[in-house]
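Contents: one structure, followed by commentary.
Quick note: the coordinates plus some simple rules give every number you see, no bench work behind them. Since the model is a prediction, treat every value here as computed from it, not as a measurement. Here the Cβ positions follow ideal geometry from the backbone for every residue, glycine too, while neighbour counts run over all protein chains shown.
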Amino acid sequence: MHPGNYSTVTEFILIGLSTDPSIQILLFQVFLIIYMSTLAGNFFLIVAVRTDRCLHNSMYYFLSSLSFLDICYTSIIVPKMLANFLALKKTISFTGCALQVYFYLLFGETECVLLAFMAYDRFVAICDPLRYNAIMNSVVCVWMISASWLTGCAISSMDMYFTYRLTYCGPNVINHFFCDAPLLLQLSCSDISVNNVIMLVGSTVLLCIPLSLILISYFKIFASIVRIRSGKYKAFSTCVSHLVVVVLFYGTAMFMYIQPKQKGTENRGKMVAVFYTVITPMLNPLIYSLRNRDVQRAMRRLVGPAACEPKR
């Protein structure tokens, strides 16, 4: 998009989480530690999956894809937020804001679809284990991951088109720590009724359909686990890990994008946004590594290589 053709606004001012300089220094330190932990944890998990032949199956391919998405997702938001904590002029250019919106939507919407495919993978593994390797082979896994990215790319491109085709003539102050499409719509001088409908419908479909498929899958999974005689703990452990990720991601996203917008809730919205853009990407590798013995063994092998232990 060329901002000169559509807008007189050349940059936006980001209010951030606080305007108190002393608090901003503290927030910079806290979020820097969280961001570095996020990068280290997810990168370490990706390396463990790629280098350990014991983890070369669809479940861990999905897991490494999720870690890659989390690295990209948080890197779109946090570096600019950290810079603004130390900057006197907390601005972002029109083009920079457009790119942030696009990639933020791309990675977030891709993760929505990927989590649904991960639930299906667990459903097949537990409910139809004899045919698991035939159903969830490497080709199917690649197609599912590709479909997640293509869906995210298509929907984010549409959202960005309808957002940046509007006229932005002022004001240019965003009461947030990053550019988010609903907040940009509030700054537009154009009629945004169509955009609001498109965004509400798109968010509802993209969040509710994958979430419904996940819940159906896990209802059947838990029903199958109850009937098996051995291995219940490991099956429950893996499923609970995935469900924790789902609750964290979908719960906060639905709070932000599906509920009716009300005045005076901006600060609460920022706190929720911190959780799903900063905290959740840090927690994902911890949740999976702490609840999964195979991943724990793989990470130990990165320090001291050892042969695969036979599964019991």
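For segment 22-154, the Kirkwood estimate of hydrodynamic radius, built from reciprocal distances between every pair of different alpha carbons, is 16.8 Å. Principal axis extents of the C-alpha atoms in the chain (largest first, rounded to whole Å): 64, 41, 33.
Straight-line cross-link partners of Lys270 among the aspartates and glutamates, defined as a Cα under 15 Å from its Cα and at least 8 positions apart when in the same chain: Asp180. Only one residue of Asn137, Cys189, Cys153 has its Cα farthest out toward the positive end of the dipole of segment 130-244, where Lys and Arg carry +1 and Asp and Glu -1 on Cβ, and that residue is Asn137. Across all Cα atoms of segment 84-178, the radius of gyration (one decimal) and Dmax (whole number) stand at 19.5, 61 Å. With Cα atoms defining each centre, segment 193-211 and segment 109-137 are spaced 25 Å apart in the structure.
Specify, per residue and in Å³, the volume enclosed by the convex hull of the alpha carbon atoms belonging to segment 34-97.
Values: hull volume 5.0 nm³, N = 64.
Per-residue hull volume (Cα only) is 78 Å³.
I need the fraction of alpha carbon pairs in segment 1-74 separated by more than 22 Å, rounded to a whole percent. Across segment 1-74, Cα pairs with separations above 22 Å total 54 percent.
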